[in-house]
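Input: a single structure, listed below in structure tokens.
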Amino acid sequence: MRYDTCLGCGGRLNERVKESAVRSLAGQLASRTRYPVMYRLVAGLTLCGICMNQLPVMLGPSCPQCGREGSQLCSDCHNITAETLQSNRSLLRYNEWGKNLLSTFKYRGEERLADFFAKLLTIAFYRYYEAIAFDCITTVPLHAQRLQERGFNQVDLLAKRLSADLGIPVRSLLVRTKMTAQLSKQAGRTARVESMEGAFSWAGERVQKNVSGSYRVLLLDDIYTTGSTLRSCAKTILAHAGPHGSIYSLTIYR
Amino acid sequence: MREYLLYIKTGAEKMLSAQAYVTPCFAVDQSFWQEREGCKLHVIGKSPSLALAFSLREIVNARLKEQYGTSHPMSEEGLAELRELAVQQVRETAVLYGRDMAGVEPPGPEWFTWETGDWSVSVTPEIVEDDGQKLKLRLATSTIQKVLDGRALLWEETETLLLKREAPIHDLTAVLQRMVLSERAQWRPGIRFAIKKSWWKHRLEMSCERCGSRAKDIEYTVCHSCGQGCAYCTVCLGMGRSKCCTPYLLVPATREAASDEREAGRKTARLHWSGSFSRDQAVAAEQARRYVANPRPGLSQFLIWAVCGAGKTELLFPSIEVALSTGGRVLIATPRKDVVLELAPRLQRVFPDARVIAVHGSSLEKWEEADITIATTHQVMRYYQRFPLVVLDEVDAFPYHNNPMLERAVARAVKLEGKLLFLSATPPQYLQKRLVAERKEKLVLKKSKLPLLRSSTHVLLPGRYHGSALPVPRIETIPGLYKRMRANRPISSLLQIVRSTLAEGRQLFLFVPRIDDVERVLAYLTTFFPDLASQMAGVHAADPQRDEKVRSFREKRYRLMVTTTILERGVTIPRSDVVVLGAEAPVFDEASLVQIAGRVGRSSDDPMGVVLFLQAERAASPKAAVRQIRRMNQLAKLQEAQEERA
């Protein structure tokens with residue numbers, strides 16, 4: 001089932017107004033050769049023309065490691081010594097609108113939004129990672145108790161749709177062994193990093209390496225804030241995939 | 001994961017009392033029946049899906065009534081047949097659910113798991129001595145009952161509410177199940193389903209127990225809470241997720257609680273109001289008061305139809321006083337949050353000893369107890385048979401109007417045999433038909449269009465409290481209205497009224513049909529009145545500075561306000577005029593235009609003003625609005641004449 005109103009403003013979806021917005025956004029997101037693919041994806045977003053123009057897409061240069069806006073390696077990434085993630089890329093800036101929409105999806109439980117968010121992830125994939133041949137998609141798992149409370153894992157819903165779009169299989173490689181508080185309820189960056197230490201453990205089977213011997217994993221999440229969740233996941237995967245594993249993460253918000 | 005057990009209770013000998021029950025804790029049921037009567041409990045089976053258990057209960061109950069209505073004893077074969085029926089039903093449900101969820105893997109081996117039970121328990125009555133534990137349980141029950149009194153809550157909400165009140169929630173399921181068995185509460189699944197059979201296609205019919213939405217508003221989902229086929233309601237999602245596996249608890253307000261408060265009621269009802277009614281107001285208020293005070297059952301709805309500026313809120317005071325003095329709680333519901341915020345302090349001033357709370361989405365008082373609750377119609381959804389008097393203000397306003405979910409919610413908040421009082425300046429047609437009788441003229445051929453002034457179900461107040469007639473709008477058709485606007489060509493009647501109004505030191509509302517028009521009209525006016533630009537502003541619903549701008553307008557810092565329909569009601573600004581630009585647009589229906597016209601001439605020192613409807617083409621609703629206003633003036637005159645004669 002799909003929404004028939006704009007997710008940004010609740011107004012009607014006027015196709016004529018939308019058309020020019022779609023063209024300009026798709027043009028900015030993709031090279032000329034990939035424009036048709038991007039156009040179709042952008043046109044599928046349930047946003048009206050005005051909201052489409054206001055979509056906080058990160059178009060400028062970004063940190064090569066974590067995808068934050070800025071022309072070189074950002075200070076946070078500079079300080080990290082043992083980097084486990086190959087790189088992170090995100091599509092949107094995390095603003096007030098994104099916050100509300102994401103909380104409607106995650107905490108209110110509006111699962112119909114999964115279609116919209118999955119589309120955003122697909123756009124991000126085509127923008128940043130199209131050239132990489134991934135072996136599988138995996139997601140950041142929820143703790144069993146949290147999953148029972150919430151009833152669904154929001155990232156799993158996205159992964160399923162993304163996998164259908166891209167043809168890359170989803171594997172659940174991880175389980176969460178530690179229940180951590182919500183990010184906003186924790187004290188700071190270091191506290192977050194510490195709480196994430198050893199929060200995941202391996203649940204996948206033996207890794208089947210592809211022809212070149214490497215193992216590339218696309219790790220999904222909804223938001224990259226400090227990156228400690230994703231790094232902790234990557235560390236666990238790397239420990240089992242061996243030296244040839246490489247993990248790229250993709251999130252909607254940064 | 002909670003599991004729900006379905007069992008049939010039969011009396012010791014006769015089958016007459018056979019009935020099916022659903023329970024999350026069978027032991028509690030056993031001990032409950034043990035205290036009361038000797039009976040046999042036959043287990044049918046259990047499932048983690050609450051909605052499934054309830055749908056089976058309904059089917060089993062129907063079958064019991066049909067086959068065992070007479071005094072057959074329950075045989076083993078009969079039981080086996082019922083168990084088989086349940087299994088079949090589960091299988092069919094799973095197939096139908098799976099068909100709707102095509103392409104999705106079920107979380108378990110099947111969409112629905114059902115474990116057939118095949119044992120029966122005989123319960124012999126036993127008088128159990130009241131030991132410490134029993135006493136504690138009884139105490140907990142009464143505390144919980146008091147907190148939940150008159151509320152309809154999802155399981156999560158119940159828990160938060162009880163935690164907030166520091167009630168003991170240890171063993172909550174057992175306590176609630178006891179309340180359900182003794183018929184002091186009901187519980188249901190958030191979403192319930194039933195198999196709808198037809199010659200064409202059988203389907204699974206889902207509906208939300210809380211808001212009544214069905215079919216396409218219910219979204220199927222793979223649920224990790226119950227591990228079964230599940231669904232949630234998208235319509236009332238903002239108030240918490242109503243799912244197939246979430247218990248929804250309904251606790252009607254009890255009589256005892258009401259009589260408890262009777263003594264206190266006398267005190268809280270003290271009306272402290274120094275204002276006075278006009279003659280017509282006094283009559284109307286008295287009529288409403290009599291309706292509320294009338295203990296005769298059957299009179300459940302009453303309409304106060306009072307034109308804009310008749311002083312509707314004051315009319316309520318005597319009715320509220322009566323309801324409070326008999327120990328009841330009063331609910332005033334209205335679709336708009338602004339109205340809630342405006343009403344609460346006003347009523348608190350008038351009823352200084354009563355506790356008044358304002359309940360809306362972001363209110364902190366949402367879970368409090370009070371004598372007078374002023375709530376948005378959405379929040380009313382959380383009440384269940386709680387209030388002996390419910391007043392519904394602005395019946396015809398968005399979002400209540402034409403919203404079956406909210407209508408249902410308000411109707412449910414009224415206690416059994418309670419009173420529902422509608423309040424409106426422009427009651428919708430269906431309400432008029434239901435409650436307003438038409439005037440019967442002696443000549444059959446000449447059927448008068450004027451409604452009756454009062455009957456047992458309504459009272460009409462056609463005149464304003466200051467006695468002057470309502471300003472009648474002037475309609476003007478301007479061909480190419482929007483074209484002129486875009487090309488910045490002068491629209492003389494608009495410019496003239498803006499000039500004269502502002503020159504006289506009055507304020508002007510300029511209503512436009514769409515949000516985009518606000519900016520456009522503002523720009524247009526700025527080109528013609530560049531020196532007045534600082535005194536003009538525009539506002540619409542999504543404007544982040546909305547409250548601030550409206551406040552500035554009230555304080556006369558802005559003299560001209562371009563607005564969408566958000567200011568059509570609830571705003572009183574003395575010495576103001578109104579222009580509607582594009583009155584033919586469908587957002588301006590008859591009721592809306594009458595409300596807009598009602599902004600003008602509300603204070604007694606300036607009872608007249610200008611109302612101008614500018615339309616690009618001829619349309620029905622401005623005409624109808626003018627007709628309605630004229631009729632009201634006519635009625636007011638008639639009433640005056642009658643009174644002089646009397």
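Consider the stretch A:128-157 and keep the residues that are within 14 Å of another protein chain (Cβ to nearest Cβ), assigned to a helix (DSSP H, G or I) and touching a residue at least 40 places away in the same chain (Cβ under 8 Å). The one that is nearest to A:Ser228 (Cα to Cα) is A:Val155.
One residue is enough: does the stretch A:96-117 have a residue meeting the conditions at negative phi, away from chain B (no Cβ under 12 Å) and of a type in the set (Val, Ile, Thr)? Among the residues of the stretch A:96-117, not one is at negative phi, away from chain B (no Cβ under 12 Å) and of a type in the set (Val, Ile, Thr), which makes the answer no. Condition check for A:Phe125 on (1) among the aromatic types (Phe, Trp, Tyr); (2) more than 13 Å from chain B (Cβ to nearest Cβ); (3) over 18 Å from A:Cys136 (Cα atoms); (4) part of a helix (DSSP H, G or I): one failure, at (3). Listed by position, the helices (runs of 4 or more DSSP H) inside the stretch A:1-56 whose residues that are within 21 Å of B:His540 (Cα to Cα) number at least 3 are A:49-54. Among what's in the stretch A:66-79 and is exposed (fewer than 15 other Cβ atoms within 10 Å of the Cβ) and in contact (Cβ under 8 Å) with a residue 24 or more places away in the chain, pick the residue that is nearest to the chain's Cα centre (by Cα). The extreme case among them is A:Glu69. Scan the stretch B:114-165 for residues that are part of a loop (DSSP other than H, G, I, E, B) and under 29 Å from the mean Cα position of the chain (by Cα) and the total you get is 3. Got a sec? Which of B:Glu590, B:Glu568, B:Glu584, B:Glu555 is more than 14 Å from chain A (Cβ to nearest Cβ), without any contact (Cβ under 8 Å) to a residue 12 or more places away in the chain and of a type outside the set (A, V, I, L, M)? Going through B:Glu590, B:Glu568, B:Glu584, B:Glu555 in turn, the sole match is B:Glu555. Within the stretch B:397-415, the set of residues being at pLDDT below 85 and farther than 14 Å from B:Cys236 by Cβ comprises B:Ala397, B:Phe398, B:Tyr400, B:His401, B:Asn402. When you check B:Gly275 against the structure, is it more than 9 Å from every other protein chain (Cβ to nearest Cβ), in a helix (DSSP H, G or I) and either at pLDDT below 85 or surrounded by fewer than 21 Cβ atoms within 10 Å (Cβ to Cβ) (or both), yes or no? No. Listed by first and then second residue, the pairs linking a residue in the stretch B:297-321 that is assigned by TED's automatic domain parsing to the domain that holds B:Pro352 to a residue that is aromatic (Phe, Trp, Tyr) and part of a helix (DSSP H, G or I), with Cβ atoms under 7 Å apart and 6 or more places separating them unless they lie on different chains, are B:Leu299/B:Tyr291; B:Phe302/B:Tyr291.
Do you know which of the residues in the stretch A:162-176 that are in contact (Cβ under 8 Å) with a residue 40 or more places away in the chain and touching a Leu at 6+ places or on another chain (Cβ under 8 Å) is farthest from the other protein chains (Cβ to nearest Cβ)?
If we take residues in the stretch A:162-176 being in contact (Cβ under 8 Å) with a residue 40 or more places away in the chain and touching a Leu at 6+ places or on another chain (Cβ under 8 Å), then A:Ile168 is farthest from the other protein chains (Cβ to nearest Cβ).
Taking (1) more than 23 Å from B:Asp589 (Cα to Cα); (2) under 33 Å from the mean Cα position of the chain (by Cα) in turn, B:Phe529 satisfies each apart from (2).
Residues that are more than 10 Å from every other protein chain (Cβ to nearest Cβ) and either charged (D, E, K, R) or more than 15 Å from A:Arg112 (Cα to Cα) (or both) were ranked within the stretch B:213-241; the one that is surrounded by the fewest Cβ atoms within 10 Å (Cβ to Cβ) is B:Ala215. Each residue in the stretch B:486-513 was checked for being among the charged types (D, E, K, R) and surrounded by 13 or more Cβ atoms within 10 Å (Cβ to Cβ), and 2 of them qualify.
State whether the residues of the stretch A:151-161 include one that is more than 30 Å from B:Arg2 (Cα to Cα) and surrounded by 21 or more Cβ atoms within 10 Å (Cβ to Cβ). No, that holds for no residue. Filtering A:Leu101, A:Leu25, A:Leu29 for residues that are out of contact with any Ser or Thr (no Cβ under 9 Å at 6 or more places or on another chain), under 24 Å from A:Val155 (Cβ atoms) and not assigned by TED's automatic domain parsing to the domain that holds A:Ser249 leaves a single hit, A:Leu29.
A single member of B:Ala354, B:Ala293, B:Ala344 is at pLDDT 85 or above, buried (at least 20 other Cβ atoms within 10 Å of the Cβ) and small (Gly, Ala, Ser), and it is B:Ala344.
Here is the figure for the stretch B:289-311: residues that are under 23 Å from B:Thr572 (Cβ atoms) and in a strand (DSSP E or B) total 4. Mind listing whichever residues of the stretch A:158-189 are outside any loop (DSSP other than H, G, I, E, B), modelled with pLDDT under 80 and not aliphatic (A, V, I, L, M)? A:Ser184, A:Lys185, A:Arg189, listed by residue number. Residue under question is B:Arg210, and the condition is that it be assigned to a loop (DSSP other than H, G, I, E, B), away from chain A (no Cβ under 13 Å) and touching a residue at least 60 places away in the same chain (Cβ under 8 Å); does it hold? Spelling it out, B:Arg210 is indeed assigned to a loop (DSSP other than H, G, I, E, B), away from chain A (no Cβ under 13 Å) and touching a residue at least 60 places away in the same chain (Cβ under 8 Å).
The values are calculated or read from the model by the stated rules, or taken from the named source; none is laboratory data. As the structure is a prediction and not an experimental result, all values here were calculated from the model. As a convention, Cβ positions derive from the backbone with ideal geometry for all residues, glycine included, and neighbour counts pool all protein chains shown.
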